[in-house]
Amino acid sequence: MSQRHTGVTVQAVNAQACPVREVLDRVAGKWSVQILVAASHGPIRFTELERGIEGISRRMLTLTLRNLERDGLVTRTVHPTVPPKVEYELTAVAHELNDTLQRLTDWAERNRMYIATARAAYDAEHRPELLDA
C-alpha cells in the first residue's frame, strides 16, 4: 500500500515516533538497563555499580548515571561523611520502567528458543553460506 492510500505520511510517523525513540534510546542502552536493574533492589553506591557491571568504565558509568538522573530515573544522594558517601536510587518512574523491563526479560526467556529456531530456518533458506562456515 502506498503512503498516498494510507493517509499517513512518513513525516507524520517520524514526528510521532521521535519523542518515543529518544526515550527508548536512552533507557534501552546497554549500560542504562544494567544500572536500572542493579539499582532496583534499593540504594546502591557508585563503587558497587562499578564492580557489579562488567565492562563499564568509570567515565561511562558517570555519564550514564548523570543522564539517568537528568531524565528523572535515578536520584543521587550525597551523605555528609568523610569521604562522601554517594548513593543512587530509582525513582517511582524508574521502578515502573523496571517492571516493564522485567516483563520484557520474561518474554525473551519464554521465546528465545522460538527465535533461535526461526533464525536457523531463515538462515538455511536465505543465507546458506552461513551454514558452511
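The values are calculated or read from the model by the stated rules, or taken from the named source; none is laboratory data. Predicted, not measured: the structure shown is a model, and the values here were computed from it. Neighbour counts are summed over all protein chains in view; Cβ atoms, including those assigned to glycine, are modelled from backbone coordinates with ideal geometry. Each accessible area value is taken on the protein alone, full model and side chains, heavy atoms only, with ligands, DNA and RNA left out. Shrake-Rupley method; radii C 1.70, N 1.55, O 1.52, S 1.80 Å.
In table form, for the structure just shown:
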read-out	value
Candidate set from the range 38-71 (those that are of a type in the set (Val, Ile, Thr) and not in a helix (DSSP H, G or I)); member that is farthest from Ala28 (Cα to Cα)	Ile44
Long-range neighbours under 8 Å by Cβ, at least six apart or interchain, first residue closer than 13 Å to Thr100 by Cβ and open to solvent by 70 Å² or more (accessible area, probe 1.4 Å) within the range 15-28, second modelled with pLDDT under 80 and among the aliphatic types (A, V, I, L, M)	none
Residue in the range 106-121 that is surrounded by fewer than 11 Cβ atoms within 10 Å (Cβ to Cβ), small (Gly, Ala, Ser) and farther than 28 Å from Val33 by Cα present	yes
Flag if Leu101 is out of contact with any Lys or Arg (no Cβ under 8 Å at 6 or more places or on another chain), open to solvent by less than 80 Å² (accessible area, probe 1.4 Å), at pLDDT below 90 and in a helix (DSSP H, G or I)	yes
Matching option when the condition is open to solvent by 80 Å² or more (accessible area, probe 1.4 Å) and closer than 17 Å to Ala28 by Cβ, among Val82, Val93, Val74	Val93
Matching residues, the range 72-84, being of a type outside the set (A, V, I, L, M, F, W, C) and part of a strand (DSSP E or B)	Thr75, Arg76, Thr77, His79
Considering residues of the range 38-58 that are open to solvent by 70 Å² or more (accessible area, probe 1.4 Å) and touching a helix residue (DSSP H, G or I) at 6+ places or on another chain (Cβ under 8 Å) only, the residue farthest from Gln102 (Cα to Cα)	Arg58
